[in-house]
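Heads up, the thing below is written out as structure tokens.
The values are calculated or read from the model by the stated rules, or taken from the named source; none is laboratory data. Computed from a predicted model, the values in this text were never measured in an experiment. Here the Cβ is made from the backbone with ideal geometry for all residues, glycine too, and neighbour counts use every protein chain on show.
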Amino acid sequence: MCCARGIRSYGMYIVRTVSGRAGVTVVKLINVHRGGHIPTECEADRMTAPAFEEVAPGRDCGCPSCVHARRAGPRPPSGRFAGHLAARGVVIVAAAASAALGALTPAAAVTALQAPPRPGAPGDGSPGDGEPATPQGVKSPLHGPAGPLPTPATPAPAAPPPATRTQIIDRAKVWVAAKVPYSMDDYWSDGYRQDCSGYVSMAWGLGSNEWTGSLDQFGVKITKEELLPGDILLFHNPDDPERGSHVVIFGGWTDYTHTYYTVYEQTPPNARTQATPYPYWSNTSKYVPYRYKGVVADTAGAQAADDAKAPGPLAGRAGPSRPASHGVPGYPGRARFRPGETGPHVTELGERLVRKGFARFYPAGPGPRWGDADRRAVEAFQRAQGWRGGAADGYPGPETWRRLFS
């Protein structure tokens, strides 16, 4: 250890370690700390925090360490420390000096060892492939005033609570309008968890907060061609279920090609609705369509989701059924236009669509049984009104009916 002479005015004692002499340096540091004054020229009595500097032994220094080092010469490197002798000397001295003098605090040590997260690592907020990550919580009961206190999770009920498609979409719109922030730990005022699976649990009206690993128990698998507003597209990744999965609500096709649809989803930063490519922006081969087991037909005459916010003047709100008025036949009710439904009202609708210029959807002409040709023709008519998304789902509500026959 060499004493820094001629720098008394700085109040800082510089410790210079000689390669391979860490033990001697540590002894001197301890003696300085415990023994008090040593020769004045070493300035040890004014030392506060040692600064380490790897140098050769001073030529004119008379301290025993420097004299011994000049006589012995540098020690050859050996073993696994070869090439790292300077670092070895400094690290050993620093560690021992910290123990002897208490120069480093635990907080400083932790800070020194804590590396910053790498880009894209979980928790740093970096997007994966263009869309924000959607981590989700596990299955849990409802929270807050809207639900009971947390209890052990129960299996899916045999008969899920009933819900119409209009109710499902209307519930989904509530969170979108409120811009409910995304969180896998927080719960909204209705008791549902603010992540993607909690959002679907809320829209379906389930009695608990499900997750992507359990939502399929409440639905039945369907095909792309069978999708209707209120159904879901589910991606459950068993390899990373909490951070590699997602689920969205289908709101209706945006065009006749069925390549884009209106999505309702809970995703960072908050619930949203927008046109989305089928089935989703990423993991396109892994999303599976499901239909809620508890879905029921809208009551006769209930206002259809497509008419709720359709542009243009409305002919009044829906009732049990619409009587004929000003040449417009009475609206028979939305439930009459479902797969498998038959009746003269279906034929009447088809014939009116043909007169309006949509005959291309009826190669064999309209008939009394509701089918895909009717749905596609109605959808094309709705889009011709300037409606999009769920407002053009292919099912006639009272306003669609009024415009067709007016």
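Things to note:
- Checking Gly390 against (1) surrounded by 17 or more Cβ atoms within 10 Å (Cβ to Cβ); (2) small (Gly, Ala, Ser); (3) modelled with pLDDT of 90 or more, the condition it does not meet: (3)
- Phe235 satisfies every condition listed in (1) closer than 21 Å to Trp387 by Cβ; (2) aromatic (Phe, Trp, Tyr); (3) in contact (Cβ under 8 Å) with a residue 24 or more places away in the chain except (1).
- Checking the stated criteria, Tyr260 turns out to be farther than 24 Å from Ala178 by Cα and surrounded by fewer than 23 Cβ atoms within 10 Å (Cβ to Cβ).
- Scanning the stretch 180-208 for residues being among the polar types (S, T, N, Q), touching a strand residue (DSSP E or B) at 6+ places or on another chain (Cβ under 9 Å) and over 21 Å from Arg165 (Cα atoms) gives a total of 2.
- You will find that of Lys179, Lys221, the residue that is in the same structural domain as Thr164 (by TED's automatic domain parsing), among the charged types (D, E, K, R) and within 14 Å of Tyr264 (Cβ to Cβ) is Lys179 and no other.
- Number of the condition not met by Gly244 [criteria: (1) free of Cβ contacts under 8 Å to residues at least 12 places away in the same chain; (2) surrounded by fewer than 16 Cβ atoms within 10 Å (Cβ to Cβ); (3) among the small types (Gly, Ala, Ser)]: (2)
- Residues in the stretch 233-265 that are touching a strand residue (DSSP E or B) at 6+ places or on another chain (Cβ under 7 Å) and either part of a loop (DSSP other than H, G, I, E, B) or more than 23 Å from Ile168 (Cβ to Cβ) (or both): Ser245, Thr254, Thr259.
- Residue in the stretch 266-282 that is crowded, with 24+ Cβ neighbours inside 10 Å, assigned to a loop (DSSP other than H, G, I, E, B) and touching a residue at least 12 places away in the same chain (Cβ under 8 Å) present: no
- Residue in the stretch 137-149 that is under 16 Å from the mean Cα position of the chain (by Cα) and either of a type in the set (Val, Ile, Thr) or modelled with pLDDT under 95 (or both) present: yes
- Test for Ser197: is it in the same structural domain as His258 (by TED's automatic domain parsing) and touching a Ser or Thr at 6+ places or on another chain (Cβ under 7 Å): yes
- Odd one out for Pro329 among (1) closer than 30 Å to Thr212 by Cβ; (2) modelled with pLDDT of 50 or more: (1)
- Failed criterion for Asp374 (all others in (1) under 38 Å from the mean Cα position of the chain (by Cα); (2) of a type in the set (D, E, K, R); (3) at pLDDT 90 or above hold): (1)
- Residue match in the stretch 358-368 (condition: assigned to a helix (DSSP H, G or I), aliphatic (A, V, I, L, M) and touching a residue at least 12 places away in the same chain (Cβ under 8 Å)): no
- Qualifying residue in the stretch 340-357 (condition: within 24 Å of Ala172 (Cα to Cα) and either touching a residue at least 40 places away in the same chain (Cβ under 8 Å) or not assigned by TED's automatic domain parsing to the domain that holds Tyr256 (or both)): no
- Index of the failed condition, His345 passing every other in (1) out of contact with any Asp or Glu (no Cβ under 8 Å at 6 or more places or on another chain); (2) modelled with pLDDT of 85 or more; (3) part of a loop (DSSP other than H, G, I, E, B): (3)
- When Gly312 is tested against (1) within 22 Å of Phe405 (Cα to Cα); (2) touching a helix residue (DSSP H, G or I) at 6+ places or on another chain (Cβ under 8 Å); (3) part of a loop (DSSP other than H, G, I, E, B); (4) at pLDDT 85 or above, exactly one condition is not met: (4).
- Single match in Gly389, Gly357, Gly397, Gly371 (criterion: within 21 Å of Thr254 (Cα to Cα) and in contact with a strand residue (DSSP E or B) (Cβ under 6 Å, 6 or more places away or on another chain)): Gly389
- So Arg360, is it crowded, with 16+ Cβ neighbours inside 10 Å and over 38 Å from the mean Cα position of the chain (by Cα): no
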